[in-house]
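**Q** My questions will all concern the structure given below.
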Amino acid sequence: MLQNVLLEREIYASEEHKMMQAMIQDFIKNEIIDHLDDWEKKGMVPRELWERAGALGLLCMDMPENYGGSGLDFSFNALFIEEMAKEGITGPGFSLHSDIVAPYLLKYGTEAQKQKYLPLMATGKFITSIGMTEPNCGSDLKAIKTTAVKKGDHYMVNGQKTFITNGFMCDMSIVAVKTNSGTEKEGVSLLIMESSYEGFEKGIPFKKIGMKAQDTCELFFDNVKVPKENLLGEEGLGFKIMMTELARERLTVALNAIGGAEGAIEKTIAYTSTRTAFKQPIAGFQNTQFKLAECTSQLQIHQTFLDRCTLLLAAHQLTSESASIAKYSATEMHGNVVDECLQLFGGYGYIWDYPIARMYADNRVARIYAGTNEIMKILIARGLFKELFQELKKAKKKPF
Ligand SMILES: Cc1cc2nc3c(=O)[nH]c(=O)nc-3n(C[C@H](O)[C@H](O)[C@H](O)COP(=O)(O)OP(=O)(O)OC[C@H]3O[C@@H](n4cnc5c(N)ncnc54)[C@H](O)[C@@H]3O)c2cc1C
């Protein structure tokens, strides 16, 4: 049992956290686990699951109560992410909705925008997504081509987004667009776009190698009229806002990774304790023990660092570099752990009925989305060479 080895985590030690953990575990056991196969076949989860999560107060937990949230701190959101990941649940994009879209609105939205969307989001009756990536650019976000041209009281939006989590089910998306395209004042801006607007179309969910119950899809905009009050933050400052908020997104991916690694190790301890070979449990072989000891050590170290990051985020002090270290290192660790664990399941590890197989497939994307791990290393290195890069910038020379 992992609990015999891992340090107790202070951030989750309060009575409130323990009650929340028990409620989340019941929610997963009673309302999710038995339906996973069906949802994977359908390529998405039912809307009722979102509404149930909303009714239990599991969405937008750290939103203030006057906007429909629970007024808790971010550690409760973190707990929810980890508990879901421990069981390998990747269908519902709750975290993207609560931990990414909601904070954008809370921080940069006008009072009218917050009143209109946040309470609805907390109920789960209104599902949201975020549209940055386009077919021709993901890492290089400044190169987006979707345009928004101001025409009187609205923007006219044309373009396309791809790989959008919650894309098919979303009622609203925060979309990155180019405003004043082709002019000197060209910049990236963020628009709140409801999927009911004329000209807003959705593609069918992608057939992915993992996260099969997650409705990831393309979004198409053909002359979509977006009221100008739907501008989120200032015009032209969208890129800056995205770069600021990506730290939180990266931490959520890292939290998912440590939850996933913990779940994988637990399941492997259970399996290797009962499966026998050469007249003894697989767990009796020193190789099994060493592999699981290595995985547990890596998990413990990452948990400790991520607990610190979680506290820093709650105090609005998490830096881009720390978030990048967390995302890069935790997702690499998760990948290694799931691979080692699957190996210990032998042939059964390759069979979809075994959760370790799903965990193996689902986990791969974490090294790609929310900024690839190569981009994470660039961001960390920028911190290491900050002064040098500033000097080069002043001299109008490229750092590379
Ligand atoms: C399941 C899934 C869900 C997603 N959800 C969303 C979502 O909700 N919203 C959204 O906007 N996007 C989403 N994405 C998109 C995701 O964020 C992008 O796929 C990711 O940022 C990488 O962009 P790209 O696919 O265009 O790859 P590219 O940018 O084309 O990169 C290809 C390769 O080149 C490398 N590379 C690129 N630039 C550099 C460089 N400067 N130095 C070194 N190497 C480099 C990359 O690391 C990568 O290995 C999702 C993707 C997936 C698969």
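**Q** Within the stretch 209-217, is even one residue of a type outside the set (Ser, Thr, Tyr) and in a helix (DSSP H, G or I)?
**A** no
**Q** Working carefully through the options Ile130, Ile144, Ile100, find the one that is within 15 Å of the ligand (Cβ to nearest atom), more than 20 Å from Leu251 (Cα to Cα), of a type in the set (Val, Ile, Thr) and at pLDDT 95 or above.
**A** Ile144
**Q** Would you mind finding the one in Thr183, Thr179, Thr147, Thr128 that is open to solvent by less than 10 Å² (accessible area, probe 1.4 Å) and farther than 30 Å from Gly69 by Cα?
**A** Result of the check over Thr183, Thr179, Thr147, Thr128: Thr179.
**Q** Suppose we filter the stretch 147-170 for residues that are closer than 25 Å to Met376 by Cα and more than 15 Å from the ligand (Cβ to nearest atom); how many remain?
**A** Count: 0.
**Q** Quick check, is Ile301 out of contact with any helix residue (DSSP H, G or I) (no Cβ under 7 Å at 6 or more places or on another chain) and assigned to a helix (DSSP H, G or I)?
**A** yes
**Q** Applying the selection to the stretch 150-176, what residues are under 15 Å from Ile192 (Cα atoms), open to solvent by 10 Å² or more (accessible area, probe 1.4 Å) and in a loop (DSSP other than H, G, I, E, B)?
**A** Scanning the stretch 150-176 gives Asp153, Asp171.
**Q** In the stretch 190-208, how many are more than 15 Å from the ligand (Cβ to nearest atom), open to solvent by less than 60 Å² (accessible area, probe 1.4 Å) and among the polar types (S, T, N, Q)?
**A** Number of matching residues: 0.
**Q** Inspect the stretch 51-66 for any residue being open to solvent by 30 Å² or more (accessible area, probe 1.4 Å) and more than 25 Å from Met121 (Cβ to Cβ) and give the result as yes or no.
**A** No, that holds for no residue.
**Q** Continuing with the same structure: Restricting to the stretch 130-150, name every residue that is closer than 21 Å to Lys225 by Cα and touching a residue at least 60 places away in the same chain (Cβ under 8 Å).
**A** Gly131, Met132, Thr146, Ala148, Lys150
**Q** Kindly indicate whether Ile164 is closer than 19 Å to Asn256 by Cα and outside the structural domain of Gly57 (by TED's automatic domain parsing).
**A** Criteria met by Ile164.
**Q** A further question on this structure: Regarding the stretch 231-250, can at least one residue be identified that is over 17 Å from the mean Cα position of the chain (by Cα), part of a strand (DSSP E or B), modelled with pLDDT of 95 or more and of a type in the set (Asp, Glu)?
**A** For the stretch 231-250, residues over 17 Å from the mean Cα position of the chain (by Cα), part of a strand (DSSP E or B), modelled with pLDDT of 95 or more and of a type in the set (Asp, Glu): absent.
The values are calculated or read from the model by the stated rules, or taken from the named source; none is laboratory data. Fair warning: this is a prediction, and the values are worked out from it, not measured in the lab. Glycine also receives a Cβ, built like all others from the backbone with ideal geometry; neighbour counts cover every protein chain displayed. For accessibility, only protein heavy atoms count, side chains too; no ligands or nucleic acids. Shrake-Rupley method; radii C 1.70, N 1.55, O 1.52, S 1.80 Å.
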